[in-house]
1. What is the sum of charges around residue 123, taking Lys and Arg as +1, Asp and Glu as -1, for the other residues whose C-beta is under 9 Å from the C-beta of residue 123?
2. Expressed in nm to one decimal, what extension gain is obtained for the pair residue 190 and residue 127 from 0.36 nm per residue of sequence separation less their Cα-Cα distance?
3. Quick one: if you stick a label point 7 Å off each Cα along the C-beta vector at residue 150 and residue 89, how many nm between them?
4. Check which residues have an amide H placed less than 5 Å from residue 95's amide H, if you skip close sequence neighbours.
5. If you split all Cα-Cα distances of segment 63-117 into 5 Å bins from zero, what percentages do you get per bin, shortest first?
Amino acid sequence: MKRLSRIIGVASLVLMATAGPALATHGRSDHMVPFQGSVLALEGGQIFPTPEAPLDCPGWAEWQFFNRGMGQMSHLGRAELDLIQCSRYVAFPFFGESVGTTSFTAANGDVLVLAHELEFEVFSTVFPVPDGFEGQGTWTVVDGTGRFANATGSGSMIVIGDVPTDDTPMFDLPPGGTLWTFAGMIAYDASSRSNA
């Protein structure tokens, strides 16, 4: 657990340090507030394109990855994450890239939707069986409901994940767990909340 705490701490510092440059493109920074938090996803899987299972992905995608989990996010409180991304290897079998969407749902039903781009590295102690992966990327607010209906913002993200094996988990996460850490800035209308 100490290793996981250290990883989260380092990830948070890296995200806060890298979020600044991505924010310079936003106009009304006086309305921007920090957005950060982590979500542990324990549900997920992959879909590979076949004639029977078409993907809502760009033509270059080799598979679709999805994740669902719960975590604590600023301005959302305890929130549910639903993440879908389209992935491919750029240097098989260890390096890849993804594009996708991340949706956060707050307890009252308000939703914040981010588009993200991600580069990742896969680790294997016994080739070619993967043990874990880590990645980093950027996100931009693209949609929302309730107080996030007209939200704007951008930032950085880091992901680490353990692949279920018989060995000790690489990142001390629960079997098959994925930890998503986000940081950046958003602007939204805090007075417009869903009635859910």
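1. On the way: positive: none; negative: 121, 131, 134.
With Lys, Arg at +1 and Asp, Glu at -1, the neighbours total -3.
2. Going from the current span to full extension adds 17.7 nm.
3. Calculated label separation equals 4.7 nm.
4. Amide H neighbours of residue 95: 90, 122.
5. 5, 20, 24, 19, 13, 10, 6, 3, 1
Here, each number is a calculation from the coordinates, and none is a lab measurement. Worth saying up front: this structure is predicted, and the values here are computed from it rather than measured. We place every Cβ from the backbone using ideal geometry, glycine too, and count neighbours over all the protein chains shown.
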